[in-house]
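Before any comments, here is the structure.
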Ligand SMILES: Cc1cc2nc3c(=O)[nH]c(=O)nc-3n(C[C@H](O)[C@H](O)[C@H](O)COP(=O)(O)OP(=O)(O)OC[C@H]3O[C@@H](n4cnc5c(N)ncnc54)[C@H](O)[C@@H]3O)c2cc1C
Ligand SMILES: Cc1cc2nc3c(=O)[nH]c(=O)nc-3n(C[C@H](O)[C@H](O)[C@H](O)COP(=O)(O)OP(=O)(O)OC[C@H]3O[C@@H](n4cnc5c(N)ncnc54)[C@H](O)[C@@H]3O)c2cc1C
């Protein structure tokens, strides 16, 4: 394990991460990162500096040079083979089991590089004691139906706490300011694959399904019996969330 | 400030892509095509920088050039951008689907010719879903990058950009010239008005070929096959929350 530190690396600025990793890349056959917002930010930059075609968001390793990745919002899976000697890859975390813990690799300090290009001004992080959305066993997601930020939190937070779940949202709920952007599940937000996904007042647009259709069990609560979300849900309740969610809270005890 | 906006012609976001039976790709015959939604957001922001809308000072952008790499019909995509308020267009014709690295190299060559102060572009195209070209262009130019922008302020020769990141927002200051890629919440793109669509017909589109730029666009990747994902079938409707909880317990989901 190599440890690099610098002011810019502390904020994972893409230019600094790139300068540091490219400096180390000679000795390695592959550079991998999760397909998180961070990984998506710096990995293509690293690839271009190495003159390598990056491979984004893989869900399967077929062989040392061949990988599977979703395209078109997950409506197609492409199997691609690269001719580049060095591989630069981002990995969809939900598609692979985590490595076992308890390794004991030695930690070696290497020099971290500041790039002096963009500079950090500030950040606003959402604090939460709930499990991380991408890693949670249960996710409860709210949509446009919730109608306001107050209602979103009043309905979703107690349910999440009761289930030990993470809270997600549709784009419509995030755009309207009911939930922070970090909650967005979908093609252009987070991809989740929990054991249980409960969609409340979400219609089930292609872009939303792209982020949750690999969940093990999907539950939909929607007042419209024809909502597309029911086409992927294992269990559906047709009804107003205002009555169904309190009943669910009761039934959970 | 001169702004370059790369725009891509892609499957319309309302259309569900279908894989071809021979597994060579996605069937785009007779499918509605549109401007990549993120690129519409980039064009809109460029036009606001010119008009002085929202928090931007009028005339922050002096000229907006849009560039597309793609088939002849990508002219329609450029016309849409011109109708929204861009000044002129460049189409680099290519019938081959170019990889992100090749697209970034071509865009870098366009930047060398056009010398923009800012490249504003989509964070991701909704077909390839690579989320790569902007970052690669910034690397090739050795410019700063600010990806996933939710707010952009131009002042003092720098772009102050609020970015959507894991866990919240991060604000960066990128000295110009820079590459900024845009996210969903930056703005809501306008619909072009009929008079502006008419006006856009008179705006210039320069027709170019990939060979004009002398860059290496040879593919590094070979698509072995394109398949449909496993489909889920609709489950059952349950009567109420109590029945739901008992079902979830039975299957071990609770
Ligand atoms: C480029 C692009 C990228 C996108 N990326 C994403 C993405 O990553 N994630 C994403 O989610 N979307 C994304 N979208 C948006 C997507 O197309 C949909 O617009 C969005 O998912 C709709 O959100 P929604 O289901 O909450 O709202 P709606 O579609 O408005 O659905 C609301 C649902 O609530 C139901 N409802 C209303 N009242 C009640 C009630 N009282 N009780 C129960 N049910 C009720 C309605 O029947 C309806 O089905 C993207 C779109 C584009 C163009
Ligand atoms: C089924 C399928 C098969 C494919 N097969 C091949 C193949 O065999 N060989 C091959 O080389 N490629 C192939 N491609 C193309 C390739 O995967 C990407 O579509 C392409 O490289 C661009 O990546 P992207 O659109 O995902 O870029 P992203 O990085 O997601 O795009 C980000 C932004 O870059 C800009 N941009 C991207 N492309 C253009 C453009 N053409 N013009 C102007 N601006 C642009 C836009 O601003 C866009 O918002 C295939 C694609 C598909 C879907």
Problem - Test: residue A:167 is more than 9 Å from ligand 1 (Cβ to nearest atom) and at pLDDT 95 or above - result: yes
Fill in the blank from the handout: Within segment B:127-136, the residues that are part of a helix (DSSP H, G or I) and closer than 18 Å to residue B:36 by Cα are B:133, B:134, B:135
Exercise for the section: May I ask you to say which residue of A:197, A:235 is touching a strand residue (DSSP E or B) at 6+ places or on another chain (Cβ under 6 Å) and crowded, with 24+ Cβ neighbours inside 10 Å? Expected result: A:197
Exercise for the section: Return yes or no: is residue A:20 in contact with a helix residue (DSSP H, G or I) (Cβ under 7 Å, 6 or more places away or on another chain) and in contact (Cβ under 8 Å) with a residue 60 or more places away in the chain? Expected result: yes
Exercise for the section: Evaluate the following for residue B:107: is it at pLDDT 95 or above, more than 30 Å from residue A:128 (Cα to Cα), outside any strand (DSSP E or B) and within 18 Å of the chain's Cα centre (by Cα)? Expected result: yes
Handout entry: When residues of segment B:61-101 are limited to those that are under 13 Å from residue B:6 (Cβ atoms) and outside any strand (DSSP E or B), the one farthest from ligand 2 (Cβ to nearest atom)
Key = B:86
Exercise for the section: Give segment B:177-212 a look and list any residue that's within 13 Å of another protein chain (Cβ to nearest Cβ), surrounded by fewer than 22 Cβ atoms within 10 Å (Cβ to Cβ) and touching a strand residue (DSSP E or B) at 6+ places or on another chain (Cβ under 6 Å), or say none. Expected result: B:185
Fill in the blank from the handout: Of B:44, B:76, B:51, the only residue that is without any contact (Cβ under 8 Å) to a residue 40 or more places away in the chain, surrounded by fewer than 24 Cβ atoms within 10 Å (Cβ to Cβ) and away from every other protein chain (no Cβ under 13 Å) is B:51
Handout entry: The lone exception for residue A:38 - which of (1) more than 9 Å from chain B (Cβ to nearest Cβ); (2) surrounded by fewer than 22 Cβ atoms within 10 Å (Cβ to Cβ); (3) assigned to a helix (DSSP H, G or I) it fails
Key = (1)
Problem - Test: residue in segment A:189-206 that is in a loop (DSSP other than H, G, I, E, B), within 16 Å of ligand 2 (Cβ to nearest atom), more than 14 Å from residue B:232 (Cα to Cα) and within 9 Å of another protein chain (Cβ to nearest Cβ) - result: yes
Exercise for the section: Please indicate, with yes or no, whether at least one residue in segment A:107-127 is crowded, with 21+ Cβ neighbours inside 10 Å, free of Cβ contacts under 8 Å to residues at least 40 places away in the same chain, assigned to a strand (DSSP E or B) and out of contact with any helix residue (DSSP H, G or I) (no Cβ under 7 Å at 6 or more places or on another chain). Expected result: no
Problem - Selected residue (criterion: farthest from residue B:83 (Cα to Cα)) from residues of segment B:14-41 that are away from ligand 1 (no atom under 16 Å from the Cβ) and more than 14 Å from chain A (Cβ to nearest Cβ) - result: B:29
Practice task
Among what's in segment B:160-176 and is in contact (Cβ under 8 Å) with a residue 24 or more places away in the chain and at the interface with chain A (Cβ under 7 Å from one of its Cβ atoms), pick the residue that is nearest to residue B:2 (Cα to Cα).
Solution key: B:174
Completion exercise
Taking segment A:50-94 and the residues there that are touching a helix residue (DSSP H, G or I) at 6+ places or on another chain (Cβ under 6 Å) and facing chain B (nearest Cβ under 7 Å), the one that is nearest to residue A:192 (Cα to Cα) would be A:73
Exercise for the section: Could you please find all residues in segment A:174-194 being surrounded by fewer than 21 Cβ atoms within 10 Å (Cβ to Cβ) and more than 19 Å from residue B:163 (Cβ to Cβ)? Expected result: A:176, A:193
Problem - Only one of A:171, A:144 that is away from every other protein chain (no Cβ under 12 Å) and either within 27 Å of residue B:122 (Cβ to Cβ) or crowded, with 17+ Cβ neighbours inside 10 Å (or both) - result: A:144
Practice task
Keeping to segment A:132-148, report how many residues are part of a strand (DSSP E or B), more than 8 Å from ligand 1 (Cβ to nearest atom) and more than 12 Å from residue A:196 (Cα to Cα).
Solution key: 0
Practice task
State yes or no: is residue B:113 part of a strand (DSSP E or B), on the phi < 0 side of the Ramachandran plot and modelled with pLDDT of 95 or more?
Solution key: no
Fill in the blank from the handout: If we keep only residues of segment A:154-164 that are touching a residue at least 12 places away in the same chain (Cβ under 8 Å) and away from ligand 1 (no atom under 13 Å from the Cβ), then the residue nearest to the other protein chains (Cβ to nearest Cβ) is A:163
Exercise for the section: Kindly establish whether residue B:129 is over 24 Å from residue B:87 (Cβ atoms), out of contact with any helix residue (DSSP H, G or I) (no Cβ under 7 Å at 6 or more places or on another chain) and surrounded by fewer than 24 Cβ atoms within 10 Å (Cβ to Cβ). Expected result: yes
Exercise for the section: Please tell me if residue A:221 is more than 9 Å from ligand 1 (Cβ to nearest atom), within 12 Å of chain B (Cβ to nearest Cβ), within 18 Å of residue B:238 (Cβ to Cβ) and not in a helix (DSSP H, G or I). Expected result: no
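The values are calculated or read from the model by the stated rules, or taken from the named source; none is laboratory data. Every value quoted in this text rests on a predicted model; they were computed, and no experiment measured them. Cβ: placed from backbone, ideal geometry, glycine included. Neighbour counts: every protein chain shown.
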